[in-house]
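Undergrad: Just passing along the structure, written as structure tokens.
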């Protein structure tokens, strides 16, 4: 057996070979950290291709595709080219299958020309996929050396539905080894960087998607989220993303670490430069009745009534609860400013914002962390042992043995016993979790005493993680701001607010630290290092409240746009 | 600490003391096995009380209550009295709280008189509850000696909603120790018998409910089902029952064995003498938005569209798949006849019935059984150890150490390793289960080639267990006909068809036995012993298809009534 490093090099060379030679651009110097404008400047894209790829509203893109103003072939070529530019600048891709995509696009164009009818609501639209969504004949490597060469025998249900909807999958995107990380690095494809500042991470685990979409190399991507993996990279890269509830969107056939762990299920969701992308994707997939293909998918149709906020007073005077600080790790100054902006924007739009009081969060995280550790890392270790590659314990680019390790994180300190847990012990965690969910629901309902609307708080607004895009290898949080909605199965939608501003976002004096991570996060902040990075937040609603959460996120987004105009 | 037997006697005496002395009837001789007519003959019920309790259509009962033709107080008194008669004849009750119920009924009457408005859709209706549904201040004993004296601090969510809907809970009903049994016997309250023939079991684990409702001692009861516990007793006692999907109806706060086992969740559902009871209960609970109280309950409104069979061609020409024999245990002759009657009735009503081919059922049962055994019986053993009562291993009334034991059943033989399973191993079972569910879904969809409707089979019809009400202690099946819908989370509704007829249901010649249980079940049948017992079947639909399954069960029920008229 060859050395795992050789296998990685070969795979990386094969990836490079799958790029058309004529799309190789002259790279900017490494000192050029913000690479967002390079697609415009590098000369590879035509004016029309730039016009296509700069159309960030997915609704508009689809209208032009469906009216045949733009063919799927030209739209697909435009995004393929731009994705290859993104790849060369941020290393965001894994599998590249341009020929397959173009053939598909031409077939769709042909059908539309022939029949006058679109194949489905996503007709002609290129869509990128995180390296978990199995596609027939392609490898799904998910950051494991051992999975190189493992080709899927069939499409996962999501891909099947995307094809039925008329979409054009064209690339897959990078992830961290085993996915559980807020950065994107693995031994096979290496590290993905943030196009806003390549010295910073694009986040994780859907970090390849985030970098790609931020570069406008894809109009719509699909990621997954078990603790924040859709929302954290979206916040780091100025994107919108939806974390739906367990099994609202079809996960069958998606490869995943700890497969079969169903206590806190990973979910898939859309990432896009616009809320329209988030809504169109979610509605299209649900309208395709995923429960007819995925036996675990919820039989719950898209509800226009819920989207019209029937349970939220029709959306006229909403009341949001702002989670300024979860009492575990204090958000960095840019996030505090983003929350103030959002509050002011919502108030200016006639809504109300009250303080959200965090409720039993340490217990909730402790419970979740114990569930995640129930196999004592057996799943990841065994996959690494297959090839001999080391388990990645930290992601510092300087030295694989230095810096912060996840194993020492605050969240791990919440796990009392490390080691294999029995099924019976797992059941006890389920009991505890059920009680915590009930307690949190009652806490939420009690806010009706303070909202003035007669309803409980319509949604919570909070950071997705305590900081913005951080330097590679320095991530230090278990994202207590995101994982709580996974543990409680609350629907959440992340949205961009502003950018780190060195002058406005001055460091604060130290506060009494609640734990070593709180201190480490505080010390991490420096305006010089973080400046220019996107600052995003998330809106959190109830379980299976996808329609209302999308609708409320649209309201918040519109309010922010009016306010900052 | 007193001996557990003394504690049981004391609790049983307290139960007796909770019965009004004037409601004690003269008992018939033990040789009178069918006791259904005794409420009419014993003289305790007035003509009006007989008229009330003989009203088996819950819709009619509610109309009379809501129009004030009958007061809730008189209806409650009538059912209380009749439930006490049922108790004396079949030993079906655990907790009896007549005073609480009557006070509640009087309050409801008062509100209706004062405001002219009903409190909710179940206004004034007495409802009985299996001894799992925690009620503030009452014990929930669930067949464990150790749980005597354990009083609930709050109502479970279902009871909370029942009160909001205007219902009048009045008694709770008997269960087998630890629930996992097709009979109803425990050391505290003893054995429940079948009112159609007291030598036979009323089934389990919702066997107290079944005997009570069959006696018309309650118009509507609530049971639970993790492997057939609603459907088997309903079939044994000539009732209708719905097993909804996981979390469609609110389970929060219901006590349960193996709490926290969420791989195959126990669900609650209605039992009644009419389909109207099944529908009214299900719709009322869903309309109360259980997800606002139970964080795990599905946010899925009652869908009239699905009830109108929008996905089943409007219900005009349905195609059913008949599961004549699951290949594991052959159904007794009365069940074979019931299936033939149902097929003929459906065909006469313009529907189609094709053969259902069982699909990977042994694998499905093996997977389920391994999940259920993951704690190596620790949960039950530990609860028994608290009081010193023995774990009940068989239910023969003759000798606690003889006869068939569950531990030797065929289903246990599917479990390769007995002993505590690790969480990681449980995850592997989840993976396997997910693949089995997908495989079964595809198998189902493939039937569209044979139905002639353009759709897959609209529902499966099958026995709920391979035999009808059997003599006490002789149950020998793990109910392979029911547990498969629990494992795959398929909605199912059981309904009565006919009665065992000694002349029509003659024993068959032996067939090649597939396993020792198949043989034991074959040998169990004797027309003399089983004659007169009810024969029921079930209709099985998709996951979260409660509305359509109720609607189709109504169609089958109507067809059977026309056919046998």
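Read the figures in this text as sums done on the coordinates, not as results from a lab. Remember, it's a predicted structure, so these values are computed and weren't measured experimentally. Cβ: placed from backbone, ideal geometry, glycine included. Neighbour counts: every protein chain shown.
Undergrad: Classify the range A:245-365 as rounded, prolate or oblate from the Cα gyration tensor: take a ≥ b ≥ c as the square roots of its eigenvalues, call it rounded if a/c is under 1.5, otherwise prolate when a/b beats b/c and oblate if not.
TA: Details: a/c = 2.18, a/b = 1.38, b/c = 1.58.
Here the range A:245-365 falls in the oblate category.
Undergrad: Please report the relative contact order for the range B:1-108, taking Cα pairs under 8 Å with a sequence separation of at least 6, and give it as a percent rounded to a whole number.
TA: Numbers: 60 pairs, mean separation 37.1, N = 108.
Once normalised by length, the contact order is 34 percent.
Undergrad: At what distance in nm do the modelled label points of residue A:63 and residue B:385 sit from each other, each positioned 7 Å from its Cα along Cα→Cβ?
TA: 7.0
Undergrad: Could you sort A:37-47, B:324-334, B:483-493 so that the peptide with the highest average Cβ count within 10 Å comes first and the rest follow in order? List each step's numbers first, then the result.
TA: Values: A:37-47: 14.9, B:324-334: 22.5, B:483-493: 26.1.
Per-residue mean Cβ counts within 10 Å order the peptides as B:483-493, B:324-334, A:37-47.
Undergrad: Please report, in Å, the Rg and the Dmax of the range A:43-292, where both are computed over Cα atoms only.
TA: Computed over the Cα atoms of the range A:43-292, radius of gyration and Dmax are 16.5, 50 Å.
Undergrad: So what is log10(I(q)/I(0)) for the protein assembly as shown at q = 0.07, 0.08, 0.09 1/Å, when the Debye sum runs over its Cα atoms only?
TA: So the normalised log intensities work out to -0.68, -0.87, -1.07.
Undergrad: Within 10 Å of each Cβ in B:254-264, how many Cβ atoms from other chains are there, averaged over the peptide?
TA: On the way: counts 0, 0, 1, 0, 3, 5, 13, 6, 8, 7, 0.
For this peptide, the per-residue mean of nearby foreign Cβ atoms is 4.
Undergrad: Could you tell me whether chain B comes out rounded, prolate or oblate from its Cα gyration tensor? Rule is a ≥ b ≥ c as square roots of the eigenvalues, rounded for a/c under 1.5, then prolate if a/b exceeds b/c, otherwise oblate.
TA: Rounded.
Undergrad: Scale the Cα Rg of the range A:304-564 by the rule-of-thumb value 2.2 N^0.38 Å and send over the ratio, two decimals.
TA: On the way: Rg = 19.7 Å, N = 261, 2.2 N^0.38 = 18.2 Å.
Taking the Cα Rg and dividing by 2.2 N^0.38 Å, one obtains 1.08.
Undergrad: Rank-order A:208-218, A:524-534, A:171-181 by packing density, defined as the average count of other C-beta atoms within 10 Å over each peptide's residues, highest first.
TA: Most protected by this proxy first, the peptides run A:208-218, A:171-181, A:524-534.
Undergrad: Once the Cβ-Cβ distance between residue B:506 and residue B:344 is put in as r, and R0 is 25 Å, what FRET efficiency do you end up with, to the nearest 0.05? Mind showing how you got there, number by number?
TA: On the way: r = 19 Å, r/R0 = 0.77.
Plugging the Cβ-Cβ distance into 1/(1 + (r/R0)^6) gives 0.85.
Undergrad: Moving on to the next point. How high is the FRET efficiency between residue B:514 and residue B:354 when r is their beta carbon distance and R₀ equals 25 Å, given to the nearest 0.05?
TA: On the way: r = 23 Å, r/R0 = 0.92.
For R0 = 25 Å, the calculated efficiency reads 0.60.
Undergrad: Residue by residue through B:528-536, how many Cβ atoms from other chains fall within 10 Å of the Cβ on average? Can you show the working numbers first?
TA: Numbers: counts 0, 0, 0, 0, 0, 0, 0, 0, 0.
Other-chain Cβ atoms within 10 Å of each residue's Cβ, averaged: 0.
Undergrad: While we're looking at this one, here's another question. Averaging sequence separations of C-alpha pairs under 8 Å and six or more residues apart, then dividing by the length of the range A:304-564, give the relative contact order as a whole percent.
TA: Values: 416 pairs, mean separation 79.3, N = 261.
Relative contact order here is 30 percent.
Undergrad: Would you please state which residues of the range A:540-561 a label at residue B:310 would reach in this model, taking the label point 7 Å out along Cα→Cβ and a backbone N cut-off of under 19 Å?
TA: A:545-548
Undergrad: Per DSSP H run of n ≥ 4, the term is -39500 (n - 2.57); total these for the protein assembly as shown, divide by its residue number, and report the mean residue ellipticity at 222 nm rounded to 500 deg cm²/dmol.
TA: On the way: 42 runs with 437 residues, N = 1130.
Per the formula, -11500 deg cm²/dmol.
Undergrad: How high is the relative contact order of chain B, in percent, counting Cα pairs under 8 Å that sit 6 or more residues apart?
TA: 16
Undergrad: Taking a spot 7 Å from the Cα of residue B:416 along the direction of its beta carbon, which residues of the range A:354-396 have an amide N less than 14 Å from it?
TA: Inside the label zone: nothing.
Undergrad: Compute the FRET efficiency between residue B:561 and residue A:27 as 1/(1 + (r/R0)^6), taking r as their Cβ-Cβ distance and R0 = 56 Å, and round to the nearest 0.05.
TA: E between residue B:561 and residue A:27, to the nearest 0.05, is 0.10.
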